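**Q** Supplied in structure tokens, the structure appears directly below.
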Amino acid sequence: MAITWTVKITPVNISRKIVRISATRTDDVLLTTFTAGMLNADISTQQKKNEALDILWAKYQTQAARQSQIDSIIGDLETLASQNLEGRE
């Protein structure tokens, strides 16, 4: 019934404030997950933190757009194939 994000942050270089970020989006209605990550995110300032989040969000949006295209193509093919094969019976 909800979309949740699970974020895991792993220190890479504490003195330079560099971390590894993994963010997983789960939609329990559509039963889909997506994970985006950054290996060396600079979190030394609030602006850098916001930039890292913007990058993760952009990665999610790119993947969501790709998945939408794939679903559209596959859905059309599934419908066409089903109708075609049933019509041959």
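The values are calculated or read from the model by the stated rules, or taken from the named source; none is laboratory data. Predicted model, so just to flag it, every value in this text is computed and none were measured. Please note: Cβ atoms are built from the backbone with ideal geometry, for glycine as well, and neighbour counts cover all protein chains shown.
**Q** Looking at region 14-28, which of the residues that are farther than 15 Å from K49 by Cα and in contact (Cβ under 8 Å) with a residue 12 or more places away in the chain is farthest from the chain's Cα centre (by Cα)?
**A** Taking the candidates together, the pick is D28.
**Q** Which of the residues that make up region 25-58 are of a type in the set (D, E, K, R), closer than 28 Å to S15 by Cα and either exposed (fewer than 11 other Cβ atoms within 10 Å of the Cβ) or modelled with pLDDT under 95 (or both)?
**A** If the condition is that a residue be of a type in the set (D, E, K, R), closer than 28 Å to S15 by Cα and either exposed (fewer than 11 other Cβ atoms within 10 Å of the Cβ) or modelled with pLDDT under 95 (or both), then D54 is the only one that fits.
**Q** If you don't mind, another one. Can you give me the number of residues within region 13-24 that are surrounded by fewer than 15 Cβ atoms within 10 Å (Cβ to Cβ) and touching a Lys or Arg at 6+ places or on another chain (Cβ under 6 Å)?
**A** 0
**Q** Could I ask something else about it? Working only within region 28-49, note down all residues that are more than 21 Å from Q61 (Cα to Cα) and aliphatic (A, V, I, L, M).
**A** I43
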